[in-house]
1. Excluding residues on the same chain fewer than 8 positions from Lys280, give the aspartates and glutamates whose Cα lies under 17 Å from its Cα.
2. Please list, or write none, the aspartates and glutamates whose alpha carbon is within less than 16 Å of the alpha carbon of Lys60, excluding same-chain residues fewer than 8 places away.
3. Plugging the Kirkwood radius over Cα pairs into Stokes-Einstein for region 3-85, at a temperature of 20 °C and a viscosity of 1.002 mPa s, what D comes out in µm²/s?
4. Out of the DSSP beta bridges found with both residues in the chain, what percent are antiparallel (nearest 5)?
5. Taking amide hydrogens as modeled 1.01 Å from N in the peptide plane, which residues meet the under 5 Å criterion relative to Ala104, leaving out close sequence neighbours?
6. Through the Karplus equation 6.51 cos²θ - 1.76 cosθ + 1.60, θ set to phi - 60°, convert the phi angles of region 31-45 into ³J(HN,Hα) values in whole Hz; use x for Gly and Pro.
7. What accessible area per residue, rounded to a whole number of Å², is obtained for region 261-300 using a probe radius of 1.4 Å?
8. If you add up the charges near Phe64, with Lys and Arg at +1 and Asp and Glu at -1, over every other residue whose beta carbon is less than 15 angstrom from its beta carbon, what do you get?
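The values are calculated or read from the model by the stated rules, or taken from the named source; none is laboratory data. For clarity, every value in this text was computed on a predicted model and none was experimentally measured. Here the Cβ positions follow ideal geometry from the backbone for every residue, glycine too, while neighbour counts run over all protein chains shown. Protein only, heavy atoms only, side chains kept; ligands, DNA and RNA dropped before computing areas. Shrake-Rupley method; radii C 1.70, N 1.55, O 1.52, S 1.80 Å.
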Amino acid sequence: MNNYQRKNQKTVESGESIFSSLETPLKDFSNIKIGGHAKYLFAPKTVEELEQIIRWSARKNLEFLPLGGCSNILFGNVANLVLILDKNLPKTLEAEDNFVIVSANYGINSFIEETKKYRLGGLEFLAGIPAHLGGTVFMNAGAFGKNILKFVKWIEIIDSEGKKKKISREKIDFSYRQTSIKGFIIRICFELENKTEAEISSEQKRIIRERQKRHPYDFPSLGSVFKNPPAQFAGKLIEECGLKGKKIGGAQISEKHANFIINRENARFEDVMKLIELCKETVFKMKNIRLEPEIRIINK
Ligand SMILES: Cc1cc2nc3c(=O)[nH]c(=O)nc-3n(C[C@H](O)[C@H](O)[C@H](O)COP(=O)(O)OP(=O)(O)OC[C@H]3O[C@@H](n4cnc5c(N)ncnc54)[C@H](O)[C@@H]3O)c2cc1C
């Protein structure tokens, strides 16, 4: 353990074992770089440690929240939550025929790169997003008319009692950016498509070019803030209401894509929330359409 780690850890006694709780501020993990100190923030190194932390949370009557790439979470007050980062869990990947069983903490981009070597693809539509597989499956991430659940065969989770469970896709309800998944996803079995490495690489590049053209990659963000209402685009509605470029504190509605809120300079949770409320109110007043956040706002 180095000095940085020692300084940034405290221990929590569970009666059954002692866990190290990180004291690193959440902004260091959050893609939009917002978030203060959490009371309980863990980064277990083994699945057994993860199970123990979840059981400990249950005994303490505390809710736990899995954290992947933190590319879709806006952190507010998290005092009553047990936050569990997946980043130190073991990373595993096995491929056989078209099936790939992978640990949920794999980054989507590394996964696309790794499975390309087996000439397996299909998930290139998510290339370039700073997410982990567990988060993309939980959120049913999608883009360019595709979504990730279509490729999932089964998932393995740790449930709220700290027990492992396998769930087949047929048992998961999913729709636009939401699933019925409860628990901490630890492994996922994907069924991928046979593709050549050249096909996958060229699709990856095309998608990343598209994203860079449309989205503000030069400032921290959480991707699309609102879900697109049926037959509408949230970004277009916000732009038509004259809010593109609007700033509150250090946060701004992106001038490039109005459904992105960027952290321009030391933005705070409250700045982003005020912009979210402003978008909701204005779009409702001017268009009679209710915008619903796609991002997860954690403020307990
Ligand atoms: C630049 C940019 C572009 C983006 N483009 C897209 C896009 O094209 N399409 C799209 O759908 N999204 C997009 N997003 C949003 C985001 O990347 C996705 O929602 C992604 O699925 C979140 O994954 P994550 O690992 O970062 O999850 P996190 O942000 O860490 O968590 C999101 C939710 O998933 C839960 N979760 C995370 N890991 C697990 C786990 N192991 N088990 C159970 N629950 C878990 C969390 O508790 C939380 O509720 C974009 C974001 C950015 C910053």
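1. By straight Cα distance, Lys280 reaches Glu239, Glu240, Glu270, Asp271, Glu292, Glu294.
2. Hits, sequence-local ones excluded: Glu13, Glu16, Glu51, Asp159, Glu161.
3. Numbers: Rh = 13.0 Å.
Answer from the Stokes-Einstein relation: 164 µm²/s.
4. On the way: 40 of 51 bridges.
Taking every DSSP beta bridge with both residues in the chain, the antiparallel ones total about 80 percent.
5. Arg187, Ile188
6. Whole-Hz 3J(HN,Hα) from phi for region 31-45: 5, 8, 6, 10, x, x, 7, 9, 6, 10, 9, 10, 9, x, 9.
7. Values: 2450 Å² over 40 residues.
For region 261-300, the per-residue accessible area is 61 Å².
8. Working: positive: Lys39, Arg55, Arg59, Lys60, Lys163, Lys182, Arg296, Lys300; negative: Glu49, Glu51, Glu63, Asp86, Asp159, Glu161.
In short, +2.
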